[in-house]
Amino acid sequence: MPDAVKAYLHSRPRWIRWHEWLVGRRYAFAAFPDRPKPLVVVAYSRRDSVKALEMVRAVEQDWAEAPQPCRAAYEEILKDAPKLVIIQFRRTNICGCLGHRHVVVKEPPFAEPHDALGGDPAGELDIAYQRVESWLALPLMDIALDAQFVTGSRLREFQAERLRLQFLSILLHEINHMVRSQEREASVRERSLAFYRDALAQYVEDAKASLSLTIDRSFSRFERD
């Protein structure tokens, strides 16, 4: 699938490809490692490449490291998802949302079904990453976990992991809406927040188990609290 989509993008007229390049439009590809679909295409501005690659890492790495029950909750949803899901990855958006599903695909290369997808339509959403960075998904939990770290590399690592899991939970939330458009928002939100909560808690438990707290001073009071 990634090769087919890349071939399709390269097959377009040269002037279109050059225009995209000059205005800074870029595409990155991410595949869930344990399933054939959906392929995620991250459409981003060149200036946002670092954050866009974190979105890719969330799909390809953090999904695989999430607890199995978290992934099982999305088994049927991802099975029924479009073969291709486009993320318009932005700094912010007009509506003020963290992200939302688009009823109509707006990203020009994917607005119409094409042979690379066997003629199947794509799905699309946007994610406003600067809004996500300031979002506390579960405030009490996020603040409590953050307080277990002190300044240093481990704090930055934890915050990066938290951000990627937020990206991933938003992506799963919006794919849920694509597949089950009649499901109540409260139910969809409960599922995506449960994924975020349990995956982040598992990351912290793994960190506690793998580090010597007497040597690594980037962590604080795990055992004293």
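Restricting the stretch 131-188 to residues that are modelled with pLDDT of 80 or more and β-branched (Val, Ile, Thr), which is nearest to ARG101 (Cα to Cα)? For the stretch 131-188, the residue satisfying everything is ILE175. Set side by side, the residues LYS106, LYS79, LYS83 differ, and just one is among the charged types (D, E, K, R) and surrounded by 14 or more Cβ atoms within 10 Å (Cβ to Cβ), which is LYS83.
Before we move on, is LEU22 out of contact with any Phe, Trp or Tyr (no Cβ under 7 Å at 6 or more places or on another chain), under 25 Å from ALA160 (Cβ atoms) and of a type outside the set (Asp, Glu)? Here the answer is no, as LEU22 does not meet what is asked. Among the residues of the stretch 21-34, is there at least one that is crowded, with 17+ Cβ neighbours inside 10 Å, touching a residue at least 60 places away in the same chain (Cβ under 8 Å), out of contact with any Leu (no Cβ under 7 Å at 6 or more places or on another chain) and closer than 24 Å to ARG180 by Cα? No, that holds for no residue. Of all residues in the stretch 5-19, those satisfying the criterion of being without any contact (Cβ under 8 Å) to a residue 40 or more places away in the chain and exposed (fewer than 12 other Cβ atoms within 10 Å of the Cβ) are HIS10, SER11, PRO13, ARG14, TRP15, TRP18, HIS19.
Criterion first (within 26 Å of SER187 (Cα to Cα) and either surrounded by fewer than 17 Cβ atoms within 10 Å (Cβ to Cβ) or at pLDDT 95 or above (or both)) does PRO38 satisfy it? No, not satisfied.
The values are calculated or read from the model by the stated rules, or taken from the named source; none is laboratory data. Quick caveat, the model's predicted, so the values are computed rather than measured. A quick note on method: Cβ atoms are made from the backbone with ideal geometry, for glycine too, and the neighbour counts reach across all protein chains shown.
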